[in-house]
Amino acid sequence: MDLPGFGLTGPDQNNRYEVEDDIAFLNKFLARLGLNKVHLVGSSLGGRIAWEYSLAYPGQLESLTLMNALGYPQERWPPAIEIAQWPLMDKIMAHFSPRFLYEAGLKEVYFNAKQVTSEVVDRYYELSRYPGNLDAFPRRVKARLDTEANKIAKISVPTLILWGREDIYFPVENAFRFHQDIKHSSMNVYSGVGHLPMEEASSRSLSDFLKFIHASVN
């Protein structure tokens, strides 16, 4: 599933990019699939949406998994997000975003730069050019993304926290904050891994996830 403004979903016709809008979108998506109870996994911004969803619809979740998730106030953002919030630059980025910026940004997101192949850069670059996505990006990153951390302690569903220790933008300290704030939580931190454990430590993160969901339903 691509969120509005990303991938093949394309932009929201009414420019709705606050977290509550994404929760409504996700709820309609799950209803359309006829899924009444799910194991919900969220990475980065998707993590913020996932834990907010768990507060709005706890009865619809078997479990919650957060991977390098957004939740606490950010001291710094990846360059593309920073730039897209600047006056004038937001309008430029709505129409122009060169490929080299994607490559530079991805080399900061992945701890192992060898994983940033031409194919990976091309995928990000080309999907950003799906009609309307470039214009949607500045609108989305101006939404209130790193607020309301005080709500995290209210999460009641079984929660797994997976984190790449070398993430330079979503620091590993936040994994411990999630673990401390969420009563029914467990945590795995991966050394030598950046922002994307599901790609950079795919076997380990999958194994830990499967063990967690097996335990959460037994």
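The values are calculated or read from the model by the stated rules, or taken from the named source; none is laboratory data. Model, not experiment: these values are computed from the prediction. Cβ coordinates were reconstructed from backbone atoms using ideal geometry, including for glycine residues, and neighbour counts include every protein chain displayed.
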Seminar exercise, completed: Picking from ASN15, ASN36, ASN27, the residue that is at pLDDT 95 or above, over 27 Å from ILE168 (Cα atoms) and among the polar types (S, T, N, Q) would be ASN27
For this session: From SER63, SER54, grab the single residue that is modelled with pLDDT of 85 or more, polar (S, T, N, Q) and part of a strand (DSSP E or B).
Result: SER63
Problem set entry | Members of segment 137-182 that are of a type in the set (Gly, Ala, Ser), part of a loop (DSSP other than H, G, I, E, B) and either modelled with pLDDT of 90 or more or in contact with a Ser or Thr (Cβ under 6 Å, 6 or more places away or on another chain) (or both) | SER156
For this session: For residues that are surrounded by 13 or more Cβ atoms within 10 Å (Cβ to Cβ) and either among the acidic types (Asp, Glu) or under 18 Å from HIS195 (Cα atoms) (or both), scanning just segment 118-128, find the one that is modelled with the lowest pLDDT.
Result: TYR124
For this session: Check MET198 against each of (1) without any contact (Cβ under 8 Å) to a residue 24 or more places away in the chain; (2) in contact with a strand residue (DSSP E or B) (Cβ under 7 Å, 6 or more places away or on another chain) and name the one condition it does not meet.
Result: (1)
Exercise. Which one of these is in contact with a Gly (Cβ under 9 Å, 6 or more places away or on another chain) and touching a residue at least 40 places away in the same chain (Cβ under 8 Å): PRO131, PRO138?
Worked result: PRO131
